[in-house]
Amino acid sequence: MNRRRKVHTAARSSVGGVLAALVTGLSVTACVPATILAYPKRTYEPGTFGAHVNEHFRTHVIGCNLIPPVDVRSWRKNFEELDLIPGSFSSQYGSILQTPVHEYKVAGNTLWLYPFSAEEVKPDALPDFVPNPNRLLREEGSPVELVADNQGPIPQAVPGFNEFGHRESCSLYLTSQLNAGISVPSSSVEAGLKKEVDQHSNLVMVRAYFRSPLYDAFQSNGTEGVYAKLLLREKYLQFPKLAGGYYLSQFPGSVLHTSSVAQQTTHFSTQGTAAATAGVSNVSLELGVRYGDRTSDLTREYKTLIEAPAKDRTWMDYFSPLPSAEEIRALFNKAVARSTVEYDKGENRFLRRGVSHRHWRELDGIPQATCNEEWALDADPKAAADFSSIVLTTQWIPGDAATDKQAAILPRCRFIVKVTPNDSLFGSQRPSSVKLAYTVKSSTRTPEELRLSFGMSEVLPTINDPQLMQLPRVLFGSQPTTPTTYVTTWEARLFFQKGNNPVDHATSRENQQSLSNVELKCPEGLRRVMSKLIHEPTQQAYTLSLSTVDDLPMPVADMNQAVQCTLTGVLTVPIMSATRSPGYPTAELPLNITLLAPPAPQLQPTALPAPVL
């Protein structure tokens, strides 16, 4: 004969002391423990929503220690026949508990990021698969994800559809069962309360009509679309059979999660109750912040249930075709069209003799693998005549994850072209600018349909070598060598015009200055001279000192008797560069200076001997 008694148990919970439990104990029949007899029996059809949810509540009940593990092991068959879904849950979802569902034991965003081949997707069933991490549309090392961190393992819900969030802690589960009239032994109440304090166990479920972030990304013509499609291109290169495949774009279903770690549980929103409903975005935010979206190691904790399609639809209605190679190339070309060419600042923008010139085009939304693959540059034949070298390099710039204050910044790729102009450009016929046309192409080892390319045509302004300022006629001086002879001397200060390729007046580069091929041409012919070049960095000038090799007889000629001579030669000076490498770069400047010089001494005629008769 059964005897009922009410037991009041004091609430003991670190999060609020919520529970005052009314418990009715049962007599034990056939040795089955009261912890199992307390719950009703019900069998859900395998593969239904109710069967999967009941399995999660089993884990939750064990986690809360409401049925001790020893009872579960000893009475496994009886335990598996129990209906552990609380009444608060059944009142919300009772209409779909017998709905067939397809189970994926992964978090929702793993499904979003997983491309399927055409062979894997059939109209009559969803594909069974073990996720291959190498196939997911994400790149290692990038802080940016197509499924953002704040979306977490819960996929995004489609606005306008009913969304439900459900949360159960140990105390909330007990409260729900007691309110539904379930007789729970007092020992289970004690154990559940202790578990709530010491360790905690939580069950969280979100049910909604979900849509993949890839759907919006693949539809976008902006940076997000470029990034998503180029990630897909990388998978096409790794897994050629994915071409013509599909991705899971939308489905009605649920994401279930059971946790039994205190540190995790304390991070869940405290606003939820056993019978509460919440927008899926709120629930997913709480999960996402704490667990992130890296779910390869969470497959045992999460389960995604996809509800069977209505009678007039098929499983294929949940999928969308993956973008084609042609669509990927077209969007890449749009990214190129949106970009602009940038140059180094100041005079480094100009083409100069002996100096390498850089310009680059920066494209947004480029994955690291795409940026770092083997790119080649095909220059227009005319460019080969104007440049001694044309070199292409790439630089990948990581993005930044989204924060509360800013949206995510997707990664970029900088295509850098470094050219060195030929010296022939910098003569008297120097053009004001040079046109450089070329095509950038991805590796020839890439299949033709996935090869990326873009053309560039840049007009690069030139700047000439330093120009010497015009000098007036340089007067001569004298230096006695003997009481009866002297040598002629000159001294000229050389300054440079501003606005041209600047001279580098760093003293560390004085070994690169020189004077060569010096000749002094006077009316009677060449006069031999010695020259010396002195650098004056504070004055940003050079002093040229000259003296004749041959002596002239005293007295020193009067300036009014001077003749006009021309000094020619080549002045080599270091010019500015981004790096001051020894011997590089320099400019060779022709000299043509007018000097005044004493007249050459008149030679006395020599008497000829008398002819012999």
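The values are calculated or read from the model by the stated rules, or taken from the named source; none is laboratory data. Please read these numbers as outputs of a predicted model, since none were measured by experiment. Counting neighbours? That spans all protein chains shown, and the Cβs are built from the backbone with ideal geometry, glycine included. Keep in mind that these areas ignore ligands, DNA and RNA; they rest on the heavy atoms of the full protein, side chains included. Shrake-Rupley method; radii C 1.70, N 1.55, O 1.52, S 1.80 Å.
For TYR44, the stated conditions do not hold, so it cannot be described as modelled with pLDDT under 80, more than 47 Å from the chain's Cα centre (by Cα), surrounded by 15 or more Cβ atoms within 10 Å (Cβ to Cβ) and not β-branched (Val, Ile, Thr). Whether any residue in region 314-330 is out of contact with any strand residue (DSSP E or B) (no Cβ under 7 Å at 6 or more places or on another chain) and closer than 30 Å to THR462 by Cα is what I want to check. Within region 314-330 (the criterion being out of contact with any strand residue (DSSP E or B) (no Cβ under 7 Å at 6 or more places or on another chain) and closer than 30 Å to THR462 by Cα), the answer is no, since none of the residues qualifies. Within the bounds of region 492-499, is there any residue that is within 23 Å of GLN429 (Cβ to Cβ), crowded, with 18+ Cβ neighbours inside 10 Å and in contact with a strand residue (DSSP E or B) (Cβ under 8 Å, 6 or more places away or on another chain)? Looking through region 492-499, at least one residue is within 23 Å of GLN429 (Cβ to Cβ), crowded, with 18+ Cβ neighbours inside 10 Å and in contact with a strand residue (DSSP E or B) (Cβ under 8 Å, 6 or more places away or on another chain).
One line per residue, one yes/no per condition, for (1) at pLDDT below 85; (2) buried (at least 17 other Cβ atoms within 10 Å of the Cβ); (3) among the acidic types (Asp, Glu):
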residue	(1), (2), (3)
ARG73	yes, no, no
PHE79	yes, yes, no
SER88	yes, yes, no
SER91	yes, no, no
HIS102	no, yes, no
PHE116	no, yes, no
LEU126	yes, yes, no
PHE129	yes, no, no
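In region 583-604, the condition of being over 17 Å from SER478 (Cα atoms), among the aliphatic types (A, V, I, L, M) and within 48 Å of the chain's Cα centre (by Cα) is met by at least one residue.
Looking across region 203-232 at every residue that is within 17 Å of the chain's Cα centre (by Cα) and of a type outside the set (A, V, I, L, M), the one that is most open to solvent (accessible area, probe 1.4 Å) is identified as GLU224.
Filtered by the rule that a residue be free of Cβ contacts under 8 Å to residues at least 24 places away in the same chain and either in contact with a Gly (Cβ under 8 Å, 6 or more places away or on another chain) or under 30 Å from LEU377 (Cβ atoms) (or both), region 452-497 gives SER453, GLY455, SER457. Scanning region 233-251 for residues that are in a strand (DSSP E or B) and surrounded by fewer than 21 Cβ atoms within 10 Å (Cβ to Cβ) yields TYR246, GLN250.
The number of residues in region 468-487 that are outside any strand (DSSP E or B) and open to solvent by 70 Å² or more (accessible area, probe 1.4 Å) comes to 7. Just one of the listed residues (THR299, THR273, THR304, THR258) is open to solvent by 20 Å² or more (accessible area, probe 1.4 Å), of a type in the set (Val, Ile, Thr) and either part of a helix (DSSP H, G or I) or at pLDDT 50 or above (or both), and it is THR258.
Looking across region 418-467, just one residue is at pLDDT below 90, surrounded by 15 or more Cβ atoms within 10 Å (Cβ to Cβ) and in a helix (DSSP H, G or I), and that is LEU425. Applying the set (1) of a type outside the set (Gly, Ala, Ser); (2) over 30 Å from PRO461 (Cα atoms); (3) in contact (Cβ under 8 Å) with a residue 24 or more places away in the chain; (4) in a loop (DSSP other than H, G, I, E, B) to PRO555 leaves exactly one unmet item: (3).
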